[in-house]
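The values are calculated or read from the model by the stated rules, or taken from the named source; none is laboratory data. The structure presented is a predicted model; accordingly, all values stated were derived computationally and were not measured. So basically every Cβ, Gly included, is an ideal-geometry build from the backbone, and we count neighbours across all protein chains shown.
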Amino acid sequence: MVTPGRGRTSRRRHPRKPGEVTTLTTTPHRSRHVDPSHGHVETWNRKSVPERVAQRAYERHSVSAEGCWISSYSVGSHGYAQVGWTDRTTGKTNTVLAHRASWTHVHGQVPYGMTLDHICKQRLCVNPDHLRLMSNFENARRTSGLDWPIGVCKHGHPASEMRYRGNGQAKDGTQRFKAVCRLCNRQWQRDYRARKQIRKAA
């Protein structure tokens, strides 16, 4: 459709109704997850982890003094242990994070669009008790070892104030997004204007 006054085509790709959750079934245990606060469809965890692979990831580890299960698998450039396997039907090689495979052995497949967060903050840990299931929207905001209750921003504002904004494109051409708290952003703008006024007056 054409946006009035802009003279260009604007397409709305995702539902924006407040509180709406859309589930599109892809396989018996897979579905698209839409965070009700912003309507963006998350498409993580497309691959199902075979049980034989999940069991290997669960069993192959050493226990640290803190109780973490340090995976014995190779570590990727992202800092997480990863486990691979060859699909017996297609012959293709697949790779997933070892902690996800270990969690799958105990709890079943990670729901489509969801991700796992290390409560212990140890990336090599594959202990299912040290992992919690959450949307990538929530997990992506917990960077640099920071943490806060699920459902709010790091300053305590409700998740209903969180919105996705465009953040460039991924290698496959899909749009990337970043989470922004509207209340925090407004406060940042007020602080920025105040600093600007001080510089002008100096």
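Residue-level check: of (1) assigned by TED's automatic domain parsing to the domain that holds Ser74; (2) of a type in the set (Ser, Thr, Tyr); (3) out of contact with any strand residue (DSSP E or B) (no Cβ under 6 Å at 6 or more places or on another chain); (4) at pLDDT below 90, Ser160 misses just (1).
Please tell me if Gly113 is loosely packed, with under 14 Cβ neighbours inside 10 Å and not polar (S, T, N, Q). It is false that Gly113 is loosely packed, with under 14 Cβ neighbours inside 10 Å and not polar (S, T, N, Q).
Of all the residues in the range 61-83, those that are in a loop (DSSP other than H, G, I, E, B) and more than 10 Å from Ala98 (Cα to Cα) number 9.
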